[in-house]
Amino acid sequence: MKARLFFLQASLGLGLVLTPMIVRATPADFELVASPADLAAYFPTYLANGYFSTMSSRRGTRATHAFMVALMDYTPGDVSRPALIPGWSGIDYSAGRAWLNRVSLTPSAFRDYRQVLDMHAGTLTTRYRWVNGGRSSDILVSTFVSQADPHLAATRLTLTPRFSGAVRLEFSLRLWPPPAHRFALARLTLAQMQAAVAASGQSLQAVAPATADRAAIWYPGQTEIDASGGSARHRVLWVRGRARYGLVMAEAAAVRFGLPPDTPPPVTRLLKTPHRLALEIRLDVRKGATYTFEKFIAASRADWGAGARTDAALAEAARRGGFAVLRDQHVAAWHRLWRSDIVISGDPAMQRALHADLFYLLENSTADTAWPMAACGFSPNYLGHVFWDNDSWDFPALLLLHPRRAKSLVMFRYRTLGAAMARAKAHGFRGAMYPWESDPQYGTNQTPRFAWRNALREIHVNADVAIAQWQYYLATGDKTWLRHYGWPVIHAVARFWDSRVTYDAARHRYEILHVVSPDEDYDNVDNDTFTNAVARKALRIAGQAAHVLGVTPDPRWATIAAGLYLPYSRQQNRYLDFGAGVAHDRKTWMGSTLAWLVYPPLDLHMSETVRRNDFNFALHALKSDGDDPNDMLMVMLSVNAATLGDAPAAYHWLRRSVVGFDKPPFDVRSETVTNNTGYLLSASGGFVQNFIYGFTGLRVEGTGVEAVYPPVLPPAWRALTLRDIAIRGKRYNITITRDAAGVTQLQQTPTGLADER
């Protein structure tokens, strides 16, 4: 204990002044590059600002899928799904008979190819020489979704023809058709869904190599366009639509040319049909001259923006300001975000993987809103729904780096508290029963029927929600927020657990029966240890929050928490996954959830011996019972190893969570190595948590942030720095280094910067 107390004082600078080594990332640490070798199995990234997005394309010029925050299709019989908004990134080019976006992408036709995702600047740049017959053109495309103005985006095509002659360009807002096959997922059983998918000529099996089109059921919903138009003279396009049975949206584009002197005026015409909206440009070009074509986009939806007329005005205003001005504002905003960073000294590949996960978390989050983070971000995977990922995986990763963005995730649970309370009442419980799969707009249950067991019984999500609320208060010390927003959620969740537990009088204990384990192949089990542990913590949190606010807590909360059964084997000196009457004998994608007992927001108190026994059992179960394991398990094994002080093992599992899971060329995370459910933000958040809480030994505790384990540093790393993290309104740099004797130490110094991100 004395050694631990000395460590706490020294590491947090409470009794010792230390001067840490502050490491900064290099520009290359923020770049992910697609080369010609990546084109055959290209897994696209997307650009987003938390409000709307666009997918990347190999050419950089195609109109791709785009989504808007919580804009959902509510077709009856189906669960809600994200509605495609008109694809806005498309610019097509023809130097003769062929169009750039319609020819095969071959090495002979696309030479000197290079596409760069600059995560520090939030831009995607694509360059190549397109050879088509006897004509070739040098192409440079740059695209971004503005981090400075959430309604705006832009793309620019710079064209240098190696010939003289007539060319055509087309600037479109792509109007997507309805889904080719729509399945009533709110009604279909698993067998019925499988039969319907097979009848449609599709398959639910993953295809190797993994691509971004996961499976037949993860398709996007529809936005129905009710009005559209444009002006060839003013070079403007606009649309107004509505997500099917959902909210209204709008989009507009304004086009600008940058032509060399003495270029004859181009001919512009509007192309408008029920399925097409574009501006076509015809002009004559000169060999070796450079031409630029810029497309400015504005987007809005109900409760965010004012519609098509305003969007058109915003796009035109951005055009008057120019691409460079809008881009510079956008880049400056990203640079401000990256002032808070995690920097590894000595491992460039791991640094890029870490920056990728941070980048995806940032572009899927917003500051000072109540928008959640969907399980797979701006993609149709998992239908755009909100799981416990929002609270237990993504929120902790943002909390100390970007507390205003983390706040939005917990505010979503307050905003949808009414729906959770109505759901609890409908199921015969008190308080709030948050859905397993929440609609991001309304917070209603949107779990497909084939997963009805999860909807009814994977109830640990309710404790996960309460724990996140409390952690936000601990990290910020914002008692006013706790009183008005966090406490109502924490109180309602405690009332739910009070009504959900069962008292076993014969054994003098409380139990939680008939649940789905986080290892979801185990359904209708009693006393899942993880569920009981987080429920106990949620009940204790309710008492602590009441004390902070001067409110009298329900005495049953403490009684239930004290008596809630956590299955344990005295013979093996470790916890069990569930009650002793449940056989642990299935092949699953977890093997065991014991590693999750030490995930940072829970961190169940146990001796080092029990912790090690749990870890060893989890490794044994993964080897013997694991079946294509989920990346969420890999990242938790790394945290588990770090808490045991085993730096090599922590690094092994950290690297294991990257290899095979991060899909090239942009490190898009897939759920497992073999499946192609991509953009999995829970794994991104879990990966980031390794650096904030795993290697450092830090936890969000009673005084804000406390060091509860000695820090560890993988052997190949020289240092690890958490740059500019926020703790109760102040910002710090925290660095792990080794002293001259090779002893790992953690050092903290104030940055002097304002807590403004």
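A compact table of results
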item	result
Relative contact order, percent, the stretch 341-750 [alpha-carbon distance under 8 Å, six or more residues apart]	18
Peptides 46-56, 383-393 ordered by average Cβ neighbours within 10 Å, highest first	383-393, 46-56
Cα gyration tensor category, rounded, prolate or oblate, for the stretch 341-750 with a/c compared to 1.5	rounded
For the stretch 711-745 and the stretch 272-316, distance of Cα centres in Å	47
Ranked E608, E706, E280, criterion: other C-beta atoms within 10 Å, fewest first	E608, E706, E280
DSSP H segments from the chain that extend 15 Å or more along their own axis, Cα-based, with Kyte-Doolittle mean of 1.0 or above	631-643
Extended-chain gain in nm, criterion 0.36 nm per residue less alpha-carbon gap, H234 and A426	63.6 nm
Charged-residue dipole, Cβ positions (Lys, Arg, Asp, Glu), the stretch 341-750 about Cα centre, Debye nearest 20	1000
Estimated inter-spin distance, T559 and A349, nm [label 7 Å along Cα→Cβ]	5.8
Label-to-label distance, nm, for residues given as R453 and R111 (7 Å Cα→Cβ offset)	5.9
Paramagnetic reach from F163 in the stretch 125-140 [backbone N under 20 Å; point 7 Å along Cα→Cβ]	128-140
For the stretch 525-586 versus the stretch 62-128, the gap between their alpha-carbon centres in whole angstrom	48
Hits among aspartates and glutamates - C-alpha to C-alpha of K587 under 13 Å, sequence gap 8 or more where chains match	D519, E520, D521, D625, D627, D628
Inter-centroid distance (Cα atoms) of the stretch 467-495 relative to the stretch 338-395, Å	22
Under-5 Å amide H pairs with R669, H placed in peptide plane, nonlocal only	K663, Y679, L680
Cβ charges +1 (Lys, Arg) and -1 (Asp, Glu), total dipole of the chain, debye	1680
Cα gyration tensor shape of the chain, rounded if a/c is under 1.5, else prolate or oblate by comparing a/b with b/c	prolate
Reach of K272 by Cα under 29 Å, taken over lysines that are not fewer than 8 positions away in the same chain	K295
Over the chain, relative contact order from alpha-carbon pairs under 8 Å, at least 6 apart, %	14
Label-to-label distance, nm, for residues given as S203 and L270 (7 Å Cα→Cβ offset)	4.7
Among S57, L32, W99 - extreme Cα towards positive end, dipole of the chain, charges at beta-carbon	W99
Per-pair calculated FRET efficiency, R0 = 30 Å: L140 and R718 via Cβ, rounded to 0.05	0.20
Proxy reagent accessibility, fewest Cβ within 10 Å first, across T531, T106	T106, T531
Residue-span extension gain [V325 to L190] - 0.36 nm each, minus C-alpha spacing	43.4 nm
Ranked F163, F578, criterion: other C-beta atoms within 10 Å, fewest first	F163, F578
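Each value in this text was obtained by applying a stated rule to the coordinates, not by laboratory testing. All values reported here derive from a predicted model rather than from experimental measurement. Using ideal geometry, Cβ is built from the backbone for each residue, glycine included, and neighbour counts are taken over all protein chains shown.
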